[in-house]
Amino acid sequence: MKLAHTLLLLLFVTVTFKVFAQAPEKMSYQAIIRAQDNSLVVNSRISLKVVVHQGAATGTNVYQETHSVTTNVNGLVSLELGTGTVATGDFSKIAWDKGPYYIETQVDVKGGTNYNITGVTQLLSVPYALYAKTSGGTSSTPFRSAIVSFTSSRNIAAGDINNTIECTSSAILTLTSDFGNMVVGETINLEAHNGAILTIQAASGVTINYNAGASARFTSAAGNVRFGFLRKIGTNSYIISGQ
């Protein structure tokens, strides 16, 4: 059966929060809505259902919520997972250290409840603060992220991979060409703290969000943390969200 609509996923995970003792129970999420003929569904009120599966794409449904959102002129919708109308589960009690997790998205482009299943995407990483909240900080798990202090400009390094860059003094991290230590699918969490500005700069031949030689900037305010996410999608290509 052909679906009436498809959903092109994603830019995912951006969180901006004040420094509290407890992590914010939400994650930013973006998706582009396209019709079957690949045309954008623009300036339209739609209904979106999000289901979180544990273990596999068809695994246990641990959380489900719905949103009523409006696409922009580019067919983009933006929302925060954990803030929708809850149908199943408790977002704050998801055991992120017990993954993998998959996000199933369903959409009704007319804004009703006639949802079509539009795809399932593996959640390759979650914000470090949410992961640490449920992992208990045990060093026995191979998925625990280390905190990498970042106070002066430098090139990306092997020690950054799958860890958290903690920028406490304004500096530039350069993504160098042919950085073979990082493989496609691996990630880096990005944090700018307490007024610091973290800039991610693409060297010659490298793209950020499909733009050659681009840069991304995370500007924090005093007393706040600005959170972002970097994922390698090709030999010299990266996606960065949150800036």
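The values are calculated or read from the model by the stated rules, or taken from the named source; none is laboratory data. From a predicted model like this one, the values you see are computed outputs, not experimental measurements. Virtual Cβ from ideal backbone geometry, glycine too; neighbours counted across all protein chains shown. Side chains are part of the model used for accessible areas, which takes the heavy atoms of the whole protein and leaves out ligands, DNA and RNA. Shrake-Rupley method; radii C 1.70, N 1.55, O 1.52, S 1.80 Å.
Percent of accessible area on region 44-124 owned by carbon and sulfur, 1.4 Å probe?
Details: 1710 of 3670 Å².
The nonpolar share, carbon plus sulfur, comes to 47 percent.
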Contour minus Cα-Cα distance for VAL73 and ASN163 (0.36 nm per residue)
28.9 nm
Tell me, what is the per residue accessible area of region 146-187 in Å², probe radius 1.4 Å?
45
Sort LEU40, LEU198 from largest to smallest accessible area, using a 1.4 Å probe on the heavy atoms of the protein chains.
LEU40, LEU198
Reported to the nearest 10 Å², ARG231 has, with a 1.4 Å probe, an accessible area equal to 50
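Give me the accessible area per residue for region 30-82, probe 1.4 Å, as a whole number in Å². Display every interim value, and only then the final one.
Working: 2300 Å² over 53 residues.
For region 30-82, the solvent-accessible area averages 43 Å² per residue.
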Amide H neighbours of ALA196 under 5 Å, counting only residues 5+ apart in sequence or on other chains, H built in-plane at 1.01 Å?
SER220
Accessible surface of MET182 in the full protein assembly, 1.4 angstrom probe, to the nearest 10 Å²?
0
Order the following by accessible area, largest value first: TYR102, TYR63, TYR210. Probe radius 1.4 Å; ligands, DNA and RNA are ignored.
TYR210, TYR102, TYR63
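Please give the contour-minus-distance gain from ASP178 to ASN209: 0.36 nm per residue of separation, less the Cα-Cα distance, rounded to one decimal in nm. Walk me through the intermediate numbers first.
Details: separation 31, 0.36 × 31 = 11.16 nm, distance 1.67 nm.
Value of the extension gain: 9.5 nm.
Efficiency by 1/(1 + (r/R0)^6): what FRET value for ASN155 and GLN30, r their Cβ-Cβ distance, R0 = 30 Å, to the nearest 0.05? Let's see the in-between values first.
Working: r = 29 Å, r/R0 = 0.96.
Calculated transfer efficiency: 0.55.
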